[in-house]
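Here's the structure we're looking at; comments come further down.
The values are calculated or read from the model by the stated rules, or taken from the named source; none is laboratory data. What you are looking at is a predicted structure, and each value in this text was computed from that prediction instead of being measured. Glycine gets a Cβ as well: all are built from the backbone with ideal geometry, and neighbour counts include every protein chain shown. Heads up: the accessible areas ignore ligands, DNA and RNA and are worked out on the full protein's heavy atoms, side chains in. Shrake-Rupley method; radii C 1.70, N 1.55, O 1.52, S 1.80 Å.
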Amino acid sequence: MQPPAAIRALLQPDLLDQIILPYDRLLAHGRVVRGRATAVTQSEVTLEDGTVYPADYIVLATGSSHSAPFKPAGDSIEDFRKINADVSAKLATAKSVLIVGAGAVGTELAGEIAAAQPDKIITLVSSDMSLFPMYPDKLGAQLKRKLERAGVNVVLGQRAENLQKLDMPYAGSVQLTDGRVINADLVFPVIGSRPNAALARTLPRVTIAPTGRIKTDKWLRPSEHPNVFIAGDIADVGDGMTIVAISRQNPWLIKTLKRALSGHAIEEQKPYTPWKKAPILLPLGPKNGNSWLFATVGDWVTRQMKGKNLFIPKYRKAFGR
């Protein structure tokens, strides 16, 4: 499943058929095996059914989980479709929507709903005093202004005290730290991704960051095994848990592993360098938004780079569709 388009799929359910991508055409050489890995050593991976796959080099990229319906909670695509359909139907009939959490998912969700269903009462709550405070002030200020112009009530510097669920939207009320109570037909708890690091934690002598991500050395290796690497959301290397991070890590891994397979020691190769401050693309529906690409840019650039098609053609091509 292609996550960047999962938010808009709530408003356009027909998008699901474009973003659920089978692996059958992914590899021109090699094969994709469906199974759950339960153990990793320096020379093999063992699956739940007992099958063992030997390897010279191993990369763990087990990703992260998020509140429904933005990522599948399990292995069943049908379950994911059902959850998406259920939440989409509830959203269609809801008159008021409360989104708790104003990271990329929460902000984009507010923008998508406002663009597609502008008659709703939409509230976006953030515990920070500004949107995206880790970026230049201009980015957050412009996003806030555009959201408010679209009818979104942006509440900053407030935490939700009594979320009834963390994994699923629900109808109810939320009390903020200042005592205010907000009632909504649909409350989205969007308070961040959680790294799926259980498998990596089984490696010897790993160090777990407070976020639950796994520390690595300069070559993305998390343990005493010199040929086991991790990447993506589980890797605590300074990158955010975003597709932009993988767009930097993947080319480095590919180049490094190719050289290793041709006989060059890992330690002799250039270490991985994370983003100093990663670019971020934040569409607010298909037409508007802001991004930070080493400078704050607005609607046109954001629309062309992400908002217009949410990377769907790119990923369909990569999966041979």
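On the basis of being farther than 29 Å from Q42 by Cα, modelled with pLDDT of 95 or more, outside any strand (DSSP E or B) and basic (K, R), does R321 make the cut? Step through it out loud before you land on a result.
On the way: farther than 29 Å from Q42 by Cα: yes; modelled with pLDDT of 95 or more: no; outside any strand (DSSP E or B): yes; basic (K, R): yes.
When the stated conditions are applied, R321 does not pass them.
Looking across Q164, Q158, Q175, Q142, one residue alone is at pLDDT 95 or above, over 16 Å from the mean Cα position of the chain (by Cα) and assigned to a loop (DSSP other than H, G, I, E, B). It is Q158. Scan segment 18-40 and give yes if some residue there is within 30 Å of K120 (Cα to Cα), at pLDDT 95 or above and among the polar types (S, T, N, Q), otherwise no. Looking through segment 18-40, none of the residues is within 30 Å of K120 (Cα to Cα), at pLDDT 95 or above and among the polar types (S, T, N, Q).
Each residue in segment 104-137 was checked for being within 19 Å of D178 (Cα to Cα) and of a type outside the set (A, V, I, L, M), and 5 pass.
Contact annotation: residue pairs with Cβ atoms under 7 Å, 6 or more positions apart or on different chains, pairing a residue in segment 194-217 that is without any contact (Cβ under 8 Å) to a residue 24 or more places away in the chain with a partner that is part of a loop (DSSP other than H, G, I, E, B) and open to solvent by 40 Å² or more (accessible area, probe 1.4 Å), are P204/E224; R205/E224; K215/T207.
Set side by side, the residues S65, S96 differ, and just one is under 29 Å from R303 (Cβ atoms), touching a residue at least 40 places away in the same chain (Cβ under 8 Å) and either touching a Ser or Thr at 6+ places or on another chain (Cβ under 8 Å) or open to solvent by less than 60 Å² (accessible area, probe 1.4 Å) (or both), which is S96.
Conditions (1) out of contact with any strand residue (DSSP E or B) (no Cβ under 9 Å at 6 or more places or on another chain); (2) open to solvent by less than 60 Å² (accessible area, probe 1.4 Å), marked per residue:
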position	(1), (2)
L257	no, yes
W292	no, yes
R303	no, no
I312	yes, yes
K317	yes, no
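Mind listing just one residue for me: the one in segment 50-107 that is of a type in the set (A, V, I, L, M) and assigned to a strand (DSSP E or B) and, of those, farthest from G240 (Cα to Cα)? Per the criteria, the residue is V52.
Given the options L60, L16, L10, name the one that is under 26 Å from K258 (Cα atoms), open to solvent by less than 20 Å² (accessible area, probe 1.4 Å) and in contact with a helix residue (DSSP H, G or I) (Cβ under 6 Å, 6 or more places away or on another chain).
On the way: L16 fails: under 26 Å from K258 (Cα atoms); L10 fails: under 26 Å from K258 (Cα atoms).
Every option except L60 fails the conditions.
Selection over segment 48-73 of residues that are over 16 Å from the mean Cα position of the chain (by Cα) and farther than 20 Å from P204 by Cβ gives a count of 4. Checking P195, P222 one by one, the residue that is closer than 30 Å to K90 by Cα and crowded, with 18+ Cβ neighbours inside 10 Å is P195 and no other. Contact map, segment 243-269: first residue over 18 Å from D217 (Cα atoms), second residue not acidic (D, E) and not in a helix (DSSP H, G or I), Cβ cut-off under 7 Å, separation 6 or more or different chains; pairs are V244/A278; V244/P279; V244/I280; R259/Q269.
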